[in-house]
1. If residue 12 passes every condition in (1) outside any loop (DSSP other than H, G, I, E, B); (2) at pLDDT below 95; (3) closer than 20 Å to residue 147 by Cβ; (4) of a type outside the set (Gly, Ala, Ser) but one, which one does it miss?
2. Give the residue, chosen from 78, 50, 55, that is within 13 Å of the chain's Cα centre (by Cα), open to solvent by less than 70 Å² (accessible area, probe 1.4 Å) and not charged (D, E, K, R).
3. Please specify each residue of the stretch 104-149 satisfying the condition of being within 14 Å of residue 84 (Cα to Cα), small (Gly, Ala, Ser) and open to solvent by less than 30 Å² (accessible area, probe 1.4 Å).
4. In the stretch 136-185, what residues are closer than 21 Å to residue 79 by Cβ, of a type outside the set (A, V, I, L, M) and not in a helix (DSSP H, G or I)?
5. If only one of 64, 68, 60 is outside any helix (DSSP H, G or I), touching a Ser or Thr at 6+ places or on another chain (Cβ under 6 Å) and either open to solvent by 50 Å² or more (accessible area, probe 1.4 Å) or more than 22 Å from residue 148 (Cβ to Cβ) (or both), which one is it?
6. Can you go through 88, 103, 129 and tell me which one is assigned to a loop (DSSP other than H, G, I, E, B), touching a Phe, Trp or Tyr at 6+ places or on another chain (Cβ under 9 Å) and closer than 21 Å to residue 50 by Cα?
7. Looking only at the stretch 150-185, count how many residues are in contact with a Pro (Cβ under 6 Å, 6 or more places away or on another chain) and either small (Gly, Ala, Ser) or loosely packed, with under 15 Cβ neighbours inside 10 Å (or both).
Amino acid sequence: MPEKIDSSPSYPGRRPIDVLAPVETTSPVIFASPHSGRDYPGELLRNSRLDRHALRQSEDSYVDLLFDEAPRMGSPLLRALFPRAFVDVNRSRQELDPRMFTDNVPKSSDTRSSRVIAGLGVIPRIVADGQDIYGRKLYFMDAKRRLSACYDPYHKALRGLVDEARARFGCAILIDCHSMPSAGG
């Protein structure tokens, strides 16, 4: 049964994640789909200079559905429901791009990582094809709310699944589920 997580003002009335748990866990394998989220918050759609189709270029579209049978095989599936263009949970929480914000990011931020420089920090500045997501700068408080509403619940659930597997099986195996863009037109 999917785990229900409280939402925050940055993701009102929405669950940021689902944990699809097996009836009986029979494997230390954990499947995670961090970039398949299709629940686009109004905040992102209003503030983006791009339409939904362009924003979706950063998704690993429907990869979560490719692995949704994992619970029937005895393994849990963690799914991010929010889009990667909103928060990228496969980044460090500290990977913040100061060019995106009107105010200062914390001094502890990793502003020089190659991903941040490329525009692909924890709050992405660009989509997969290199287009800027926003037409204006954001406030750091907006990023902080997003991280609390989406990043933290995802990583809390992932940590819980890893801890449970280790306690039960002595190890945990994480399969992080992604897709790659096609090379053709």
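The values are calculated or read from the model by the stated rules, or taken from the named source; none is laboratory data. In this text the structure is predicted, and so the values were computed from the model without any measurement. When we count neighbours, we look across all protein chains shown, and the Cβ atoms used for this are built from the backbone with ideal geometry, even at glycine. When the accessible area is computed, the model is the full protein with side chains, heavy atoms only, and any ligands, DNA or RNA have been set aside. Shrake-Rupley method; radii C 1.70, N 1.55, O 1.52, S 1.80 Å.
1. Result: residue 12 passes all but (1).
2. Values: 50 fails: within 13 Å of the chain's Cα centre (by Cα); 55 fails: within 13 Å of the chain's Cα centre (by Cα).
Matching residue, one of 78, 50, 55: 78.
3. Passing the criteria: 119, 121, 143, 149.
4. Those that are closer than 21 Å to residue 79 by Cβ, of a type outside the set (A, V, I, L, M) and not in a helix (DSSP H, G or I): 176, 177, 178, 179, 181.
5. Working: 64 fails: outside any helix (DSSP H, G or I); 68 fails: touching a Ser or Thr at 6+ places or on another chain (Cβ under 6 Å).
Matching residue, one of 64, 68, 60: 60.
6. Values: 103 fails: closer than 21 Å to residue 50 by Cα; 129 fails: touching a Phe, Trp or Tyr at 6+ places or on another chain (Cβ under 9 Å).
Result: 88 is the single residue among 88, 103, 129 that is assigned to a loop (DSSP other than H, G, I, E, B), touching a Phe, Trp or Tyr at 6+ places or on another chain (Cβ under 9 Å) and closer than 21 Å to residue 50 by Cα.
7. Our first condition is that a residue be in contact with a Pro (Cβ under 6 Å, 6 or more places away or on another chain); within the stretch 150-185, this holds for 150, 153, 161, 165, 169, 171-173.
Going one step further and asking which of them are either small (Gly, Ala, Ser) or loosely packed, with under 15 Cβ neighbours inside 10 Å (or both), we end up with 165, 169, 171-173.
So the count comes out to 5.
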